[in-house]
Every structure is written in structure tokens, then in C-alpha cells.
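So the structure is just underneath, and the comments pick up after that.
The values are calculated or read from the model by the stated rules, or taken from the named source; none is laboratory data. Just so you know, these numbers come straight off a predicted model, no measurement behind them. Here the Cβ positions follow ideal geometry from the backbone for every residue, glycine too, while neighbour counts run over all protein chains shown. Calculation scope for accessible area: heavy atoms of the full protein, side chains included, ligands and nucleic acids excluded. Shrake-Rupley method; radii C 1.70, N 1.55, O 1.52, S 1.80 Å.
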Amino acid sequence: KKKKKKKGTHHLHYNSQMTHSYGYPLALCGLYTASVIVAVFLFHEWSDNKWTHRLVMGVEYTLIMMCVLRIMTTCCGKVTTRDRGSGRCSKCEIQRPDRSHHCRKCNTCVKMFDHHCVMLGTCIGSDNFRPYALLQLYTLVFIPHYFYSVWMYLNPSIAYERPPLTLTRFGVGLAITLLSITSVVFFIFTVDTAIVTYETISKNQTSHERKYLPEADYDTGSLFRNISVFMGSNKCFWLVPFSSGEADSHANKAGDS
């Protein structure tokens, strides 16, 4: 005979199965790191203000790594037994707040569920949306800066003495080629996802709601309030890659209004 599952414990099984894959995030960190190393080398070759460029690139790289690590180490905002709401998940059999949705890959409900990001190996929800949005912003600044260093290095109009070709310089040239091809593809992908992300933020809407619930209207009528739902009420911290913990409370208020 099949054992019957006890009522009220079914959701505990689902909520404990958060899927975290670190392969893609580590590869992503490797791409950023390799780009910084190559760019720093190129700055040394052509730039008189090499320390300025190194400092700017270092700040960009640090902010990106902070975003990635924050996303990887922060819970996305999964629904727990302490959360209360008017909705109920048919799969988790648990009450959940408004605007929460079930992730099939993680087998759990996530507050302010946006999507499951394969590249970062986790869901994007209420507690890690800010670092996710900032990761896109910083990447859109970082990659053009990298291409600028490559262009200045290859620009024949810049007069400087090139050292003789060595095995190290050949390896750097090969790395530049491979990184540039990868960066172009990644940059196009980031632009595409960033357009969707910032458009939905401006309308107080997640990507999931935009795709599957287009009739749902959470627009507060104010751009500032819409952005505050995802980035926090304090504008001074909008560009800081840390979750403020305010997204969920803002979301509930916006959903109830």
C-alpha cells in the first residue's frame, strides 16, 4: 500500500529543494577576470594614464563580482511557512503572498518571482533582484571599457614602440581574440535582457508577469515608486549591490493597492 502524505508537510519537501548550480556562475566570473587581466596588460602597453584606467576597471570588476557573489549567496526570496498571503500554490500546498510564483526547476515558490536564471544558477526574486539588475548595468559599462582598451591597442594611429613578438604576447593576442568574440555575444545578450529588465521595473512588473500575466496591473502611477518596489525606497542605495529586504514589503503594498 502506498503511504499517504501527511497534510501540511508536503510543502516542506518542496521548499527544501532549492537548485543552485555553480558551474555557469564560476565560468562567468572567469570571463570577467580574464577580461580584466588582458585589459590591464593592454593599458600598460599604450596608455600614459594606465593607473587611472586600471583603477576604473578595478572598480567595475569589483562591483560585478559583488553582484555575482551576492546573487549566489543570497536566498532569492523563497516562500516559507512564516509567510502569509491570499494565494495558495497547488504544487507546494502552501499559502503564499501576492505576486509569488512557483519555480519548476527549484520546486519552490518565490516571492516576486522574475525568472530562473541558468547563467547564475538560481531564481531571481524579491531578495536578489537588485544585485541582478545592477549586474546588467555594470556589465554594460565594463564590456565597452574592455573593447576600448583593445581598440586603442590595435589602433595604428597611436604611435608607440611595440616590443618584439614573444610567446607571452602571442598568448595575449590569442586571449584577446577569444575574449572579444565571447564578449560580443555576451554583450548582445546582456543588452537584450537589460532592456526587458528595466522596462518591467519601470512598470512595476516582473518578467514572469510580463510574459504570463500581461493583464496584471501593478503600476503605481509613479516611476520612482515603481523602481522602489525592486530597488528599495532609499535612492542612495539603488546602485549598491546589496539586497535591502524592502522589495517584499513594497511588493505586498503595491499588490494590495
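Laid out as a table, the results:
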| item | result |
| --- | --- |
| Loop trypsin sites (Lys or Arg not before Pro), segment 170-211, which have at most 16 other Cβ atoms in a 10 Å radius of their Cβ (DSSP) | LYS203 |
| Distant-in-sequence amide H partners of LYS78 (H built 1.01 Å from N, under 5 Å) | LYS111 |
| Under 15 Å, Cβ to Cβ, from SER35 - net charge with Lys/Arg +1 and Asp/Glu -1 | 0 |
| Area projected by the alpha carbon convex hull of segment 86-125, averaged over all directions, nm² | 2.5 |
| Cross-link table LYS91/LYS235; LYS111/LYS235; LYS50/LYS235; LYS105/LYS203, entries beyond 30 Å C-alpha to C-alpha | LYS91/LYS235; LYS50/LYS235 |
| Estimated vicinal HN-Hα couplings, Hz - segment 56-62 in sequence order (Karplus 6.51, -1.76, 1.60; Gly, Pro = x) | 4, 5, x, 5, 4, 5, 4 |
| Backbone HN-Hα couplings from phi across segment 28-33 [Karplus 6.51/-1.76/1.60, Hz, Gly and Pro as x] | 5, 4, x, 5, 4, 5 |
| Ranked order, MET112, MET66, MET152 - accessible area, probe 1.4 Å, largest first | MET66, MET152, MET112 |
| SER222 accessible area, 1.4 Å probe, all protein chains in place, Å² to nearest 10 | 30 |
